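Worksheet: one structure, shown below.
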Amino acid sequence: MDEKVIKIVAAKLRRIGDQPINAEKLTEIREEVYKATRTNKFASFSNVKKWVKAARGYMKAQEKASAAKAKPAKGKRAAKASGKPAKPQRREEEFVAPVVPRRIEDSVNFIKEENAPALPSQEVVLPKPTIVFDKVYLQSIKFEIAGIRQTMERVSRQLDKLEKELTNHGE
């Protein structure tokens with residue numbers, strides 16, 4: 001996509017703000033692009049939606065870049081410059097332990113125990129899978145069978161012809 005189109009769409013999105021984008025807004029965006037570039041006058045809404053998506057990504061990238069520039073330096077260098085000891089940085093996302101069902105946890109703990117007797121093996125009967133035949137699959141099988149029948153008929157005719165020739169040569 002043309003970067004110029006993305007910048008135009010991004011500017012329009014900033015003006016629109018948090019309003020939902022409907023067909024009317026898409027038409028306005030398309031007209032805005034046409035006014036600026038003199039191309040894409042009759043662009044489809046799917047193309048305009050792609051422009052909007054790309055423009056949003058462009059806007060997010062700009063926000064990240066501006067936030068990175070505005071953020072003061074942290075870490076050892078900043079601590080040395082300010083004369084204060086560096087604080088350990090905390091991540092915004094703390095580690096969350098996965099939730100394990102109690103039954104599984106008890107089972108694992110039981111197995112981990114050294115004094116645990118060997119459990120008798122149990123046979124688990126798995127359910128038989130259900131076979132689903134769809135129309136296309138059955139139709140392809142039908143055509144294969146028909147082709148095999150035609151081939152067998154042709155071979156039997158050829159065999160009859162050869163048998164007839166053999167009897168004629170034998171006489």
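The values are calculated or read from the model by the stated rules, or taken from the named source; none is laboratory data. Values in this document were obtained by computation on a predicted structure and should not be read as measured data. Cβ atoms come from the backbone with ideal geometry, glycine included; neighbour counts cover every protein chain shown. These area figures cover heavy atoms from the full protein model, side chains too; ligands, DNA and RNA do not enter into them. Shrake-Rupley method; radii C 1.70, N 1.55, O 1.52, S 1.80 Å.
The simple Förster model, with R0 at 22 Å and r as the Cβ-Cβ distance, assigns Val99 and Val124 a FRET efficiency of 0.30. Taken one residue at a time, the phi angles of the stretch 125-132 give Karplus couplings (6.51, -1.76, 1.60, θ = phi - 60°) of 8, 8, x, 5, x, 7, 9, 10 Hz. Gly and Pro are set to x.
Only aspartates and glutamates eight or more places from Lys41 in sequence, or on another chain, were considered; those with a Cα closer than 14 Å are Glu28, Glu31, Glu32. Derived scalar couplings between HN and Hα for the stretch 38-46 equal 6, 9, 6, 5, 10, 5, 6, 5, 5 Hz in order, rounded to whole Hz, by the Karplus curve 6.51 cos²θ - 1.76 cosθ + 1.60 (θ = phi - 60°), x for Gly and Pro.
Shown are Arg102, Arg56, whose ranking by accessible area with a 1.4 Å probe and every protein chain present, most to least, is Arg102, Arg56.
Within the stretch 1-59, the ratio Rg/Rh, alpha carbon atoms throughout and Rh by Kirkwood, equals 0.91.
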